[in-house]
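Written out below as structure tokens is the structure these notes cover.
We did not get these values from a lab; they are worked out from the coordinates using the rules stated. Keep in mind that this is a model prediction, so the values were computed, not measured. Every residue, glycine among them, receives a Cβ derived from its backbone with ideal geometry; neighbour counts consider all protein chains shown.
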Amino acid sequence: MTVAIEPLDLLLIGCGLRGTGLVTAVPELLERRVAIVEAGGCLGPGSFAEYQIESNSSGSDFFGWVDPRGPFGDVLEHPDVIALRTTPGNFRLSLLARALRHVGAAIARRLPPSRLVLGDRVVRVNADDEQITATLASGRRLAARSVVLATGIRETQRADLQPWRDKVILSSQIVKGGEGRLFGDDPPTPIVIVGSSHSGYSAALRFQEAMAAHPARRCEVIVVHRTPVKLFYTGWSEFEASERYPLEAIPDPARDVCPETGNLFRYSGLRHGAKALFRAASRQEVPWLHQIHCRALGEAAPWLDRAAVIIQAMGYDSNTLPLYRNGEAVWSGADRLVAELGADGCLPPGPGRLFVMGMDPYPYRDNSLTPTGQYALRGKQILSMLG
């Protein structure tokens, strides 16, 4: 079947947090011929509504990139957005999802219906000398001078855990409420969590909540740390005034301090309940939770062998799409892509202008670590490219 290709200035593939952030930070993008493809049923929330855990950020971190006097200024007055931005400390990610749903609706109202594609997904991207073409699952094709990939993240089972694959559960399954199937009348024990990220300690918090709700159902949880644990601090003075822990990472002032805010481990550090649980376990105040340090997973084999369940919390990868340049494959959708961006924000090499939002490594290596800086910088780079 031949499907007409619509000429566009810009195609945005994916419009969750980072897609909405880009558009609302630089609304001038919508003055161009822009189309958005979103696999979900609406713009904005992405998968945040599915996560039943606390954030690893504060509500005030969000929507500071929106100009109150600009075309999206009215979204700042919506009750869901106000509730998020005025929440002190942590919040449930469902609150972020509600705010993003409203922001996404505001973006959708500003797009012609023919340039808003919902419930369909891009299955292939081809960049040639003149344009970039995206092929959708429905068979439709969209062509644009530039494309932005804002396709989110995914979690896949790591090769390091293949020897124990039959008892591995991804952390995303737990933080989306999957701990319920583990806590029946006879919970499995021990549960080994591999990884000391926010998702790892969030899984431990879910187990803590389950045991609090059912005191007779107890289990042992072991967290395997391969690297020192990063903790978020508002600044260097708070870090110096705080108690140190054997498994805690020491920040590098040249690398781990946000140049805009002075925060330490702004995005990668544990905050809120996860941070408190790590500290309490380090002080041996949580009898059911044990921490071990292994430089490689092979050293953890004794614990992994006797584990009833293994929770993989070893990080997420970017969702990638099969990409072709002039018909030749660059990477497949299954690849783990580390995006080495050029100075113009594009993914080199070759023809076509392909921008990315949120791909590895993250934060971007452009000395702009807050969302406000990221979205505004990328948006201005795109506008400059369009001319």
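Key figures for this structure:
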| quantity | calculated |
| --- | --- |
| Interchain or long-range residues, amide H under 5 Å from Thr189's placed H | Ala308 |
| Contact order normalised by residue count of segment 299-338, Cα under 8 Å, 6+ apart, percent | 29 percent |
| Long-range HN-HN contacts of His293 with modeled amide H, under 5 Å | His225 |
| The chain, relative contact order [Cα under 8 Å, separation at least 6], % | 21 percent |
| Ordering of 47-55, 298-306, 375-383, 231-239 by packing [mean C-beta count within 10 Å, highest first] | 375-383, 47-55, 231-239, 298-306 |
| J(HN,Hα) series, segment 207-218, from Karplus relation 6.51 cos²θ - 1.76 cosθ + 1.60, nearest Hz, glycine and proline x | 5, 4, 5, 5, 6, 5, 6, 9, x, 7, 9, 10 |
| Least to most buried among Val286, Val117 (fewest other Cβ within 10 Å first) | Val286, Val117 |
| Most mobile of Arg154, Arg226, Arg85 in a GNM of the chain (Cα contacts under 10 Å) | Arg154 |
| Derived scalar couplings ³J(HN,Hα) [segment 131-148; Karplus, 6.51 cos²θ - 1.76 cosθ + 1.60; whole Hz; x for Gly, Pro] | 7, 10, 10, 10, 9, 9, 4, 6, x, 5, 10, 10, 10, 8, 5, 9, 9, 10 |
| Residue exposure sequence - Met211, Met314 - by fewest surrounding Cβ within 10 Å | Met211, Met314 |
| 3J(HN,Hα) from dihedral phi, segment 195-201, Karplus parametrisation 6.51/-1.76/1.60, rounded to Hz, x for glycine, proline | x, 10, 7, 4, 5, x, 6 |
| Mean Cβ neighbour count within 10 Å, used as a protection proxy, ranking 136-147, 19-30 highest first | 19-30, 136-147 |
| Ranked by how many other beta carbons lie within 10 Å on average, peptides 278-285, 247-254 from highest | 278-285, 247-254 |
| Cα shape, segment 162-213, gyration tensor, a/c 1.5 rule | oblate |
| Placed amide H near Leu270: partners under 5 Å, 5+ positions off or other chain | Lys230, Leu231, Phe232 |
| For the chain: lysine pairs under 25 Å (alpha-carbon distance), excluding those fewer than 8 apart on one chain | 4 |
| Dipole of the chain, positive direction: furthest Cα of Leu297, Val23, Met385, with charges on the beta-carbon | Val23 |
